[in-house]
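Encoded as structure tokens, the structure appears first; notes follow it.
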Amino acid sequence: MAETIDEITCTWEENGTVTVEELDKVILSRGSWVTIIFKFREMAKSGEYGAAKFTLRRYQKRNGVYRQQSKFNISSLAQARGILDALQGWVNEAAEAGQSEDE
């Protein structure tokens, strides 16, 4: 369990082998509830790592440690593109309506 936000990772190791390798992470929110998006890759049965994937995870700090509460795996580049397109459209609409970034 991670005690600090910087210690949170999606890397997973089994029997001394890294089966899920974290490639990057972006912390989207901090505090007692933390939201992080990870870029990672998984090891295939062949022993080679596959293509990059993405996961969005929420953690809550309880009793001094962060525990994962939920996750959403982005299963394909097409799904990632759909999420990006939807968010970009909504962000543009909000900006055109004069909404500030703090709202």
- Query: Of everything in segment 23-50 that's within 10 Å of the chain's Cα centre (by Cα) and of a type in the set (D, E, K, R), which residue is surrounded by the fewest Cβ atoms within 10 Å (Cβ to Cβ)?
  - Reply: ASP24
- Query: Of the conditions (1) in a strand (DSSP E or B); (2) touching a strand residue (DSSP E or B) at 6+ places or on another chain (Cβ under 7 Å); (3) under 28 Å from GLU101 (Cβ atoms), ARG67 fails just one. Which one is it?
  - Reply: (3)
- Where LEU56 falls short, out of the listed (1) within 12 Å of the chain's Cα centre (by Cα); (2) surrounded by fewer than 10 Cβ atoms within 10 Å (Cβ to Cβ): (2)
- Inspect all residues belonging to segment 63-78 and state whether any of them is charged (D, E, K, R), surrounded by 14 or more Cβ atoms within 10 Å (Cβ to Cβ) and within 25 Å of GLY16 (Cα to Cα). no
- Query: Do we have any residue at all in segment 45-53 that's within 16 Å of ASN73 (Cα to Cα) and without any contact (Cβ under 8 Å) to a residue 12 or more places away in the chain?
  - Reply: yes
- Query: Does any residue in segment 21-39 that is charged (D, E, K, R) come within less than 8 Å, Cβ to Cβ, of a residue that is assigned to a strand (DSSP E or B) and loosely packed, with under 12 Cβ neighbours inside 10 Å six or more places away or on a different chain, and which pairs are these?
  - Reply: LYS39/ASP24
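Each value in this text was obtained by applying a stated rule to the coordinates, not by laboratory testing. Quick caveat, the model's predicted, so the values are computed rather than measured. Note: ideal-geometry Cβ built from the backbone for every residue, glycine included; neighbour counts use all protein chains shown.
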